[in-house]
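Participant: Just dropping this structure here.
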Amino acid sequence: MRHLLSTRELDREAAIALLDVAEDMAAVQEREVKKLPTLRGKTVVNLFFEDSTRTRISFEAAAKRLSADVINFSAKGSSVSKGESLKDTAQTLQAMGADGVVIRHHASGAPHTLATSGWIDAGVVNAGDGTHEHPTQALLDAFTIRSRLHGAASRGRGLDGVRVLIVGDILHSRVARSNVWLLTTLGAEVELVAPPTLVPVDMTAWPARVGYDLDDALAARPDVVMMLRIQAERMHAAFFPNSREYARTWGLDDARFDRLPPTTMVMHPGPMNRGLEIAARAADSPQSTVREQVANGVSVRMAALYLLLSGERGEA
Ligand code: NCD
């Protein structure tokens, strides 16, 4: 693997192989000394043009636990705020000898540009680009589902027959896009439920069913319910009447949560708008995987960095 830009291009074998390496990385996290020498001498740059808490520190922890040197670069307070282009920034990173670049950018496609422009030799990991993709989030979600279902017997498995319901702001969600591709590649069945205003116009290419009634979709007893954050920062129009109306119609509130079987997993990528798309009772229940998702994120990102940066770069 040379870059990790989207889950759409990952085949089942490669995805399972990455999840299996993440299992090994998770085992390392159980040890007293959580560090491996694998990426000693390599430099990983975290290039964040958009705000982030957990994704940035998760990549930082992952790189450090593989003994890489980590440089954190955020657009605020850098020359980017003086108008420096992505190309100039990339050339600076190249001159510093970056081996890996983890990039989050508000423009869909920016990681792809960085990876294919020839500006840098580094391996590029997409940490979220606009409304396009967020591949490591989908990988950590798949990892979390697999380990809740199969525990120590997870290795080598996909998610065949697992029924996943993704709810909410599909239109603005790179998490939903990456999950639709990855989870179906792994054999899961994905259904999306959202207000009609928060569904992309053309979804014919998506391997997922779309519904508009949350109660109907929950009554079908999915194995996993993944709630998405309302991405207010990407909304420049009135996509729904008001917060109370959204929570009543599309939120996983107490009444809906209480009707779920106790085996249904409740997921959320964070940051959560408690009381809007998800009630506190659901978020803090034993069925919630929110904290596991964060912990698994480090293992999955260690696996991605390891697969990208160990050994000789430049091979196909
Ligand atoms: C997601 C993101 O940034 O796309 N969050 C994350 O990576 N932890 C989802 C979101 O912001 O809603």
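Participant: Does any residue in segment 115-137 that is closer than 17 Å to GLY97 by Cβ come within less than 7 Å, Cβ to Cβ, of a residue that is open to solvent by 10 Å² or more (accessible area, probe 1.4 Å) and in a helix (DSSP H, G or I) six or more places away or on a different chain, and which pairs are these?
Facilitator: Pairs found: TRP119/LYS87; TRP119/GLN91; TRP119/GLN94; ILE120/GLN94; ASP121/GLN94; VAL124/ALA115.
Participant: Restricting to segment 251-268, name every residue that is open to solvent by less than 30 Å² (accessible area, probe 1.4 Å) and either under 12 Å from GLY168 (Cα atoms) or more than 16 Å from the ligand (Cβ to nearest atom) (or both).
Facilitator: GLY251, LEU252, ARG256, PHE257, LEU260, PRO261, THR264, MET265, HIS268
Participant: Could you give me the residue pairs with C-beta distances under 8 Å whose first residue belongs to segment 16-41 and is in the same structural domain as VAL70 (by TED's automatic domain parsing), whose second residue is surrounded by fewer than 17 Cβ atoms within 10 Å (Cβ to Cβ) and among the polar types (S, T, N, Q) wherever it lies, and which are 6+ apart or on separate chains?
Facilitator: Hits for this filter: LYS35/SER67; LEU36/SER67; PRO37/SER67; THR38/SER67; THR38/SER310; LEU39/SER67; LEU39/SER310; ARG40/SER67.
Participant: Here's a follow-up. Identify all residues within segment 206-252 that are assigned to a helix (DSSP H, G or I) and of a type in the set (S, T, N, Q); write none if there are none.
Facilitator: Those that are assigned to a helix (DSSP H, G or I) and of a type in the set (S, T, N, Q): SER243, THR249.
Participant: Sticking with this one: Filter segment 28-73 down to residues that are open to solvent by 60 Å² or more (accessible area, probe 1.4 Å) and part of a helix (DSSP H, G or I) and give me whichever is nearest to VAL102 (Cα to Cα).
Facilitator: ARG56
Participant: Right, here's the next one. Hey, any hits in segment 213-233 for a residue that's open to solvent by 20 Å² or more (accessible area, probe 1.4 Å), without any contact (Cβ under 8 Å) to a residue 60 or more places away in the chain and within 16 Å of the ligand (Cβ to nearest atom)?
Facilitator: Checked segment 213-233: at least one residue is open to solvent by 20 Å² or more (accessible area, probe 1.4 Å), without any contact (Cβ under 8 Å) to a residue 60 or more places away in the chain and within 16 Å of the ligand (Cβ to nearest atom).
Participant: Something else now. Can you find a residue in segment 286-304 that is under 22 Å from the mean Cα position of the chain (by Cα), farther than 28 Å from HIS105 by Cβ, surrounded by 14 or more Cβ atoms within 10 Å (Cβ to Cβ) and away from the ligand (no atom under 16 Å from the Cβ)?
Facilitator: yes
Participant: Can you tell me which residue within segment 100-114, out of those that are within 16 Å of the ligand (Cβ to nearest atom) and part of a helix (DSSP H, G or I), is farthest from ILE57 (Cα to Cα)?
Facilitator: Restricting to residues being within 16 Å of the ligand (Cβ to nearest atom) and part of a helix (DSSP H, G or I), the top hit is ALA110.
Participant: So, one more: State whether the residues of segment 79-99 include one that is buried (at least 17 other Cβ atoms within 10 Å of the Cβ) and not in a helix (DSSP H, G or I).
Facilitator: yes
Participant: May I ask you to list pairs of residues, at least six apart or on different chains, whose Cβ atoms are under 8 Å apart, with the first in segment 46-57 being under 15 Å from ASP129 (Cβ atoms) and the second being part of a helix (DSSP H, G or I) and more than 11 Å from the ligand (Cβ to nearest atom)?
Facilitator: Taking only residues 6 or more apart or on different chains, the pairs are ASN46/GLU60; ASN46/ALA63; LEU47/THR89; LEU47/LEU93; PHE49/VAL80; PHE49/ALA110.
The values are calculated or read from the model by the stated rules, or taken from the named source; none is laboratory data. Only a predicted model underlies this, so the values are computations on that prediction, with no experimental measurement involved. Quick reminder, even Gly has a Cβ in these numbers, built from the backbone with ideal geometry, and neighbours come from all protein chains shown. These area figures cover heavy atoms from the full protein model, side chains too; ligands, DNA and RNA do not enter into them. Shrake-Rupley method; radii C 1.70, N 1.55, O 1.52, S 1.80 Å.
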